[in-house]
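Beneath this line is the structure, given in structure tokens, with notes to follow.
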Amino acid sequence: MKSLSQKVDKIEESQTIAMTTLAKKLRAEGKNVISLSAGEPDFPTPENIKQAAIKAIQDNFTKYTQNEGIPELREAVAEKFRSDNGIDVKASNILVSNGGKHSLFNALQAILNPGDEVIVPAPYWVSFPEMVKLADGTPVIMKTKEENGFTFDASDVEPLLTPRTKAIIINTPSNPSGAVIGEESLRSVARLAREKDFYIISDEIYEKIIYDGNKHFSIGSIDEVRDRVITSSGVSKAYSMTGWRIGFIAANDEIIKRAAKIQSQMTSNASSISQAAALEALRGPQTDIEKMRAAFEKRRDVMLMKLSQIDGITVKKPGGAFYFFPSVKGLIGRTYNGKSLTGSSDVAHFILSEAQVALVPGGAFGSDENIRLSYAYSEKELTEAADRIAAAVAGLK
């Protein structure tokens, strides 16, 4: 039989999905597993958004739409980028896709040629390097420092530039670290991109989930690099709409045309019903966003206190999103049932086995001395999870 795709052989399975699936399997078997592996708000989708979707169904808004998204939603997204992010775009600069992941995939496919290099700061979201590979590009991993809060500026980027550098992917607030990159650092990267001629893909899906009174800054709002920035966002995180699968990008006309052409052959339009819901999300009342953000901030503080008390685990306070990315260097080398823990995968599976808490190994994010856990869960679940982890760790030798 002829061989199958070599391209697929070169990419990794999403470890966040793998751990979430494993946790669900164990629960189905009757295990009392607390899963902190998925990046998914536990709040219900706001009622006004659900009602807009129900009305769309009742109005028979269930057919194909324009490939790029319905005009009203594209305009609402453009309005959102103009008002919230300071990015001067028109509806024609917007492409609505089947979730944030699809948006980023379209963007990379639209700009990359075989052999093009894309700088990916680590720790990174698990799909960034794999998407680059699927678009025939080469991911160039840029390690950031925990002592700097996993942030970076142009001085970290410049040594990695080569004639093949096509783009850098920026994710702020960050999944998995919760790092928020400051305006001046982003401006320095923008100056470098203009000087050295590369694109910037800015994943801002967590832009509404920022803490401690800080504000989000979009690199695409900088005039000098406006045409070389692709800004990606969506409704999944801010509006608790993960399953609705609506993401969008803002970019220059040529990039949008190319990304739309790709989408037209892959999926065509995003769900008509989900587009109606997303339109209501953007144009309807915004009070639920702040309620959820405030709840996440409170949960962050509760979990930070609990994790900080566990011997062998050190943790930084995240500035945004809803993840902790604690260091487990203090656990590596300790033994469990006569077996030494050698990296993040061992630590994560030990915690799942002994504490029945599902986490994601940091190796999946490019940092094998860390683990990722989500605090998009109730305070009760988070407190119990932290207590279980502490008890399990106390039993290590």
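The values are calculated or read from the model by the stated rules, or taken from the named source; none is laboratory data. The model shown is predicted, which means the values in this text are computed figures rather than measured ones. Cβ sites come from the backbone with ideal geometry, for glycine too, and all protein chains shown count toward neighbours.
Looking across 53, 38, one residue alone is part of a helix (DSSP H, G or I), touching a residue at least 40 places away in the same chain (Cβ under 8 Å) and farther than 21 Å from residue 251 by Cα. It is 53. When the stretch 364-397 is filtered for residues that are of a type in the set (Phe, Trp, Tyr) and part of a helix (DSSP H, G or I), only 365 remains. Restricting 86, 137 to those that are modelled with pLDDT of 95 or more, surrounded by fewer than 17 Cβ atoms within 10 Å (Cβ to Cβ) and over 20 Å from residue 246 (Cα atoms) reduces the list to 86. Put simply, of 56, 78, 23 the only residue that is more than 23 Å from the chain's Cα centre (by Cα) and buried (at least 20 other Cβ atoms within 10 Å of the Cβ) is 56. The single residue among 387, 368 that is over 17 Å from the mean Cα position of the chain (by Cα), surrounded by fewer than 20 Cβ atoms within 10 Å (Cβ to Cβ) and under 17 Å from residue 316 (Cα atoms) turns out to be 368. Among the residues of this structure, residue 83 does not count as one that is farther than 18 Å from residue 200 by Cα and either in contact with an Asp or Glu (Cβ under 7 Å, 6 or more places away or on another chain) or outside the structural domain of residue 251 (by TED's automatic domain parsing) (or both). On the stretch given as the stretch 193-245, residues that are out of contact with any Leu (no Cβ under 9 Å at 6 or more places or on another chain) and more than 21 Å from residue 95 (Cβ to Cβ) total 15. Looking across the stretch 1-30, the residues that are farther than 24 Å from residue 175 by Cβ, part of a loop (DSSP other than H, G, I, E, B) and either in contact with a His (Cβ under 7 Å, 6 or more places away or on another chain) or of a type in the set (Gly, Ala, Ser) (or both) come down to 3, 5, 30.
Of the numbered criteria (1) buried (at least 18 other Cβ atoms within 10 Å of the Cβ); (2) farther than 30 Å from residue 94 by Cβ; (3) touching a residue at least 24 places away in the same chain (Cβ under 8 Å), the one residue 346 fails is (3).
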